[in-house]
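Shown next, in structure tokens, is the structure this report addresses.
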Amino acid sequence: MAQVVARFSIWRRCGFLLTVFGVSLALTACTGRRSDRITLPEGGEALLTKAETLKVNLTSEPPTLDWSKATDVSSSKVINNIMEGLVAYDLQSEELALRPALAEKWSSDAAARVWVFELRADLKWHDGVEFTGQQVVDGFQRLLAKDTGSEYAYFLFGIKNAKAFNQGQVGWDKVGVKLLAPRKLQVTLEAPMSYFPHLLAHTSTFPVRLDLIQKYGAKWTEAGNMVGLGPYRLRAWRHDQDLLLEKHDAYWGSPKPEIRYVHFLMVNEASTALNLFDSGTLDVVDQIPITERKRRRAQKEYRRVGMLQSLYYGFNTQIEPTNNPNLRRAIAHAIDREKIVKILDGGEVPLTGWVPPGMFGYFSDVGLEPNLEKARAYLADAGYGEGKKPLPKLELHFNTNEVHQSVAEAVQAQLRENLGLEVELKSAEWKSYLDQLKVKPPHIFRFGWQADYPDPDNFMNLMTSYSDNNRTRWKNSAYDALIKRGASETDREKRREIYREASRLLLEEGVAAVPLYANVSHMLIHQRVENYPANALSRFEFKGTRLK
Amino acid sequence: MSGKGLYILKRLLGAVITLAVIATLTFALLRILPGGPFDTEKALPDEVKANIEARYGLDRPLLEQYLNFMSGLVRGDLGESYKYVGRSVADIISEALPVSMELGLMSLLLAYIVGIPLGVFAAARHNSAFDTGAMLIAVSGVALPSFMVGPLLISLFSFGIPFAFLQGSLPPALWESPAHYILPVVTLGLRPAAILARMTRGAVLESIHQDYVRTARAKGVSERVVLFKHVLRNSLIPILSISGPLVAGLLSGSFIIEIIFAIPGIGKHLVQSVTNRDYPLILALTLVFSMMLVIANLVVDLLYGFVDPRVRPEKSGSGG
């Protein structure tokens, strides 16, 4: 052995070992992972050429593609291309109007309590099976069934007896869903709801194929098993890695899908995704880290899209001293949103009202504007100041995040400067934060809301006394009554006025919360991509998108 | 049974007990942690949440949940993820772990190939410019965090900053072909290579002045044989000692490297499962990592015996 070793020079020996290293690299590579070819579970492989493939970042693995159970953005990005609902959105229209999809038309009685949907005939699923009304009913039933354990079951709680069915108190035959004819669906609601069709554009209410779910169980959403009625078919899904859609040539709707493959990568880190965009691997990224924004704004690929998402500071209205509405009013008047937005420097829209711009129910003239005089007067009315109570010390909590941190610091500085109020900032990890808001909300807390559907009820409902999302513990029966009236009102203008009044009650009289700004999303879209679905609802439907 | 067999059996038994204790502690800690798996931004109505919890057996008394979990473990059933609907924890781990192991194994190989020779040569040329240079690299390798090295290498080899001719020579992320492997493997391997180099150098320096080395040289044995046969072999013990934790650490992947290079390994799950409060996944991952550490340490302990005949684990048993 000694001689053998001696015969090799040490450098040659190292060279030999490096070769071994190289060979082992090559061997691992031979296990068949190539970026341009994907083996399909149905057999064969897909060859992804640049000209035929749109590469998009999905950010993370979709928790599920089972639309009765999916709740997050990455899942719906995929689902909205594979499947469609009874109605859909006209994403080009100003206030995101509804348009027919699987339902050709719909109508309701005068009270908006009984709805009838007429379904399209001669539609076929990707596997050639006919689309039926029963599949719509199955979708509703599955979403609501107790043992499905779906988070969005409450979406359909407005249907007569749906909640009782979800709790196992009544059978399905008691629920207000009925097929009047094979293609005519009647839905009876507990109470009038003028926006009910919006709910049927949401993935959770999409029709399902029970035959496939029975056949494959939880694996029905895997490539090779899954079918839909949408413009794209799921061809491959390598968990935690990527997901491939191919256009469905027999798609019934319009426009027809043009890009052959949509290849979703799952790149979690925004800066990594940017690197992949810069190196030409990704065509689109929809997250740009704050530190990069300034530089990227100058790029011709840069796009900014207003979102239906509002950020606010809520008050715990049940504990000292924020149970004093005058103190809350003083704080609301002392916060200058323009300055906050300037610090964020991302084109966010300052917001005094509750519903974000771009949606029916947005008011620019509602809420408490920054006004130092009023702020100080209300602080005095609250019993603070010279010769009165000493100023209280408040706690402001937010979930750990650089943006929330800078907003909180700005508000802290403004309240100190404008009112002399001392505010202590505390941040917590997301789930701990949620737990805290449930158990014991602090004086002031950060929260936000993103539209499930672009109807004001989705936002206004949050602050009702019966809402699980009302973390302020503010209760106002007049507000509750207004929201119920708004839901049942079918006249658009009357509805608008109801929400204006409710917004005033919430933000000017009750001051349960201070809206801060409406969020925007920042994207980079490669020049070769035309008509990319960048919209306020974050609904990514690729059927109208083309590659140059 | 031979002494060694008995020794291994004893160690394995100890490992099982250790794992059971870890499982129990993790289970308890998770339940103390505020926030549950189904606390969401859009708060769920109580009745909806109750249905979901019932589906996963979270409505049962805690003791029953614990016993179910432990009996599942014994049967080898790790349960279903709370976050990834319908995917078993075993599936998730068996898809992600091999990727992390691949990355770890390649980095480890790189670390040994680079680290050990570097250490030996540095020691052989003690106090020379080579020694100083090698140790400078080694100290930087230990000190520089991978979240800095990774992006630096990406800038250099993917975007040609500052050397434009290097632009596009290596992809900046993903895990698809050998070209994709190079940057993450080097980034991950740098630190262990540096640690190994320093360890080796120290150990070699200690043995290089021993009498048997002088004897070998006096007998006219070539310097390289002296170094690699006589000296290195006797310096392997400290290198082996750190190899256990090193191997376990590398094979389990590195969260930061996997994030920077978008590698579909286990590191991401380690962090996100906690953020998501995905109890079954957290528990399974904790156990897998504990197991890897236990096994790596056991293997190292056994290897001691081969490297240095004076260390025989079974000595106390049957007398070797």
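The figures follow:
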{"quantity": "Shielded residues, segment A:205-250 - accessible-area loss of 50 Å² or more between chain alone and all protein chains, probe 1.4 Å", "calculated": "A:H239, A:D240"}
{"quantity": "Efficiency of FRET between A:V403 and B:V307 - r from beta-carbon atoms, R0 56 angstrom, step 0.05", "calculated": "0.55"}
{"quantity": "Loop chymotrypsin sites (Phe, Trp or Tyr not before Pro), segment B:155-244, which have at most 13 other Cβ atoms in a 10 Å radius of their Cβ (DSSP)", "calculated": "B:F163"}
{"quantity": "Whole-Hz ³J(HN,Hα) from phi, Karplus 6.51 cos²θ - 1.76 cosθ + 1.60, for segment B:279-285, glycine and proline x", "calculated": "3, x, 5, 4, 4, 5, 5"}
{"quantity": "Column: log10 I(q)/I(0), Debye, Cα scatterers of segment B:99-277, q = 0.13, 0.19 Å⁻¹", "calculated": "-0.73, -1.17"}
{"quantity": "Qualifying trypsin sites (Lys or Arg not before Pro) for segment A:298-335 [loop in DSSP, other Cβ within 10 Å: at most 16]", "calculated": "A:K300"}
{"quantity": "Alpha-carbon Rg/Rh ratio, for segment A:269-395, with Rh computed the Kirkwood way", "calculated": "1.13"}
{"quantity": "For segment A:407-548, diffusion coefficient by Stokes-Einstein and Kirkwood Rh (Cα), 37 °C, 0.692 mPa s, µm²/s", "calculated": "178 µm²/s"}
{"quantity": "Segment A:326-419: GluC sites (Glu not before Pro) falling in loop per DSSP and having at most 12 other Cβ within 10 Å", "calculated": "A:E386"}
{"quantity": "Computed E for A:R473/B:E47 - FRET, C-beta separation, R0 22 angstrom, nearest 0.05", "calculated": "0.60"}
{"quantity": "In the A-B interface, the accessible area buried, summed over both sides, Å² (probe 1.4 Å)", "calculated": "5500 Å²"}
{"quantity": "Debye log10 I(q)/I(0) at q = 0.11, 0.14 Å⁻¹ for chain B, Cα point scatterers", "calculated": "-0.88, -1.16"}
{"quantity": "Cα-based radius of gyration of segment B:1-126 once divided by 2.2 N^0.38 Å, which approximates compact folds", "calculated": "1.62"}
{"quantity": "Stretch in chain B that is longest and holds no trypsin sites (Lys or Arg not before Pro) that DSSP places in a loop and that have at most 15 other beta carbons within 10 Å", "calculated": "B:126-218"}
{"quantity": "Highest-MSF residue in chain B out of B:D46, B:D91, B:D131 [GNM, Cα springs under 10 Å]", "calculated": "B:D46"}
{"quantity": "Accessible area expressed per residue, segment A:209-294, with surrounding protein chains retained (probe 1.4 Å, Å²)", "calculated": "36 Å²"}
{"quantity": "Buried on assembly, segment A:421-448 (at least 50 Å² less accessible surface than by itself, 1.4 Å probe)", "calculated": "A:K431"}
{"quantity": "Accessible-area composition of segment A:248-332, carbon plus sulfur, in percent [1.4 Å probe]", "calculated": "44 percent"}
{"quantity": "Candidates B:L58, B:L293, B:L236, ranked by Gaussian network fluctuation over chain B, Cα under 10 Å, top entry", "calculated": "B:L58"}
{"quantity": "Whole-Hz couplings from phi, Karplus 6.51/-1.76/1.60, listed for segment A:473-483; x for Gly and Pro", "calculated": "6, 7, 10, 8, 5, 5, 5, 3, 5, 4, 5"}
{"quantity": "Accessible carbon and sulfur surface of chain B relative to its total accessible area, %, 1.4 Å", "calculated": "68 percent"}
{"quantity": "Accessible surface, chain B, averaged per residue in Å² (probe 1.4 Å)", "calculated": "46 Å²"}
{"quantity": "Buried on assembly, segment A:455-481 (at least 40 Å² less accessible surface than by itself, 1.4 Å probe)", "calculated": "A:D468"}
{"quantity": "Average accessible surface area per residue within segment A:463-548, 1.4 Å rolling probe, Å²", "calculated": "38 Å²"}
{"quantity": "Using distinct alpha-carbon pairs, which all enter the 1/r mean, Kirkwood radius of chain A in Å", "calculated": "26.1 Å"}
{"quantity": "Mean residue ellipticity (222 nm) of chain A, computed from DSSP H runs ≥ 4 via -39,500 (n - 2.57), nearest 500", "calculated": "-9000 deg cm²/dmol"}
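The values are calculated or read from the model by the stated rules, or taken from the named source; none is laboratory data. Here the structure is a predicted model, which is why all the values come from computation and not from measurement. Don't worry about glycine lacking a Cβ; one is built from the backbone with ideal geometry, like all the others, and counts go over all protein chains shown. To get the accessible areas, we keep the full protein, side chains included, count just its heavy atoms, and leave off ligands, DNA and RNA. Shrake-Rupley method; radii C 1.70, N 1.55, O 1.52, S 1.80 Å.
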